[in-house]
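Accompanying notes for the structure given below.
Each reported figure results from applying straightforward, stated rules to the coordinates on display, with no laboratory input. Treat the numbers as computed from the prediction; the structure is a model and nothing was measured. Reconstructed Cβ throughout: ideal geometry from the backbone, glycine too, with neighbour counts over all protein chains shown.
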Amino acid sequence: KAGLKYFGAATDTPGFRERAGHESAYAQYDQIMWDSGEFGQTTPTNGQKWTFVEPTRGGFNYTEGEVVTSLAKKNGMYLRCHALVWHSQLAAWVEQGTWTKDELRQIIVDHITNVAGHWKGQCYAWDVVNEALNEDGTYRESVFYNVLGEEYLKLAFKTAHQVDPKAKLYYNDYNLEWPSAKTEGAQRIVKMLKAEGIRIDGVGLQAHLVAESAPTIDQHIDAIRGFAKLGVEVALTELDIRMTMPATDVNLAQQRSAYKNLVGACVQVCGCIGVTIWDFYDPFSWIPYVFPAEGAGLLWFEDFSKHPAYDGVVEALTNK
Ligand code: G3I
């Protein structure tokens, strides 16, 4: 696929909210996900997040994550692992605690040691820290930042590298797909870690875009180049491009162009190594839960017909 290591799709397990009520779609869905050859990579959409893997302190549970990671292994797919340190879907016992610096350092080290240790050698990449920035490029308030400041990022990346030296270590965030103060903030994180001799291998651009107002391909190229020039690889890690419903010929055409531009920018910039869409089947998307008036962000409709954007992606991947 035009110099990319992979084109993939994140997926979840039947137990998750987005799947409820769609049992009749599972067989066709699984055929596309695992047997069709459409995808060479996957990411557990939820199953490796703190709230699922360490719901109580020291009580590790890999069941949900394993459903997806075992299928990735069985199907010979690259696996992106998501996410070690994130303020959202964080187990309540961490978020609601009042921690000293040393206590929270220990909590982070124990979490990463156990979780990255459990999947050691299986993850092409870990999203080590997810969404640490505000839109203006300053650090987001979280239990991690409020207690440890910037140090939590250093500790997370250092520990992840010690535990799984083979995994590529990524900083992952959204709204990094065009030049902005937030994009500069992410560049600052890369430079800070490298300046301290701490391993960081990549930056994940989540790429949750809006079809009616997507950036230009040049803006995408500038943003991707801005990271690649720092000596890290780049990946589109959670790509979906939502639209105000209902889907029409007009917004579907806008979506097609937006997918082609962003995937095309990744193909064009040396150092952008992969694309992951954030599930592939519209009914399993997170979007309507968060943006009730929007949806249809992926490449397959509920009836399993393909969006026009699918052809846009093929054109981008085959340099048409
Ligand atoms: O598993 C519980 C279930 O037991 C419970 O009955 C149900 C009640 O609503 O909730 C279920 O958990 C839900 C979980 O998805 C699994 O389905 C949570 O409520 C729901 O909030 C959660 O949404 C996920 C969201 O992250 C949380 O922020 C989405 O599936 C997931 O696609 C989305 O993904 C994030 C990335 O991880 C980071 N980047 C942004 C992206 C979109 O928000």
Region 40-116: chymotrypsin sites (Phe, Trp or Tyr not before Pro) in DSSP loop, at most 11 other beta carbons within 10 Å: none
Förster-model FRET efficiency, 41 Å R0, CYS270 and LYS101, C-beta, rounded to 0.05: 0.50
Semi-axis lengths, Å, region 77-192, gyration tensor of Cα atoms, sqrt of 5 times eigenvalues: 21, 20, 12
Fluctuation leader among PRO292, PRO165, PRO179 - the chain, Gaussian network, Cα springs under 10 angstrom: PRO292
For region 255-311 versus region 70-129, the gap between their alpha-carbon centres in whole angstrom: 26
Distance violations [Cα-Cα > 29 Å] among LYS74/LYS166; LYS194/LYS320; LYS5/LYS191; LYS194/LYS260: LYS194/LYS320; LYS194/LYS260
Net +/- balance of residues flanking VAL234 in space, Cβ distance below 14 Å, scoring K and R +1, D and E -1: -2
The chain - mean residue ellipticity at 222 nm from DSSP helices (-39,500 (n - 2.57) per run, n ≥ 4, rounded to 500): -11500 deg cm²/dmol
Cα-based Rg of region 1-101 normalised by 2.2 N^0.38 Å, two decimals: 1.24
Residue among VAL190, GLN219, ASN172 farthest towards the positive dipole end of region 149-240, charges placed on Cβ: VAL190
Largest-first principal axis extents, alpha carbons of the chain, Å: 56, 42, 36
Coil-residue GluC sites (Glu not before Pro) of region 82-170, DSSP, other Cβ within 10 Å capped at 10: GLU141
Net charge of neighbours whose Cβ lies under 13 Å from the Cβ of GLU95, counting Lys and Arg as +1 and Asp and Glu as -1: 0
Size of region 101-146 as Cα extents on the principal axes (Å, biggest first): 36, 27, 8
Largest-first principal axis extents, alpha carbons of region 10-52, Å: 32, 26, 9
Kyte-Doolittle mean at least 0.5, axial Cα span of 24 Å or more - DSSP H helices of the chain: none
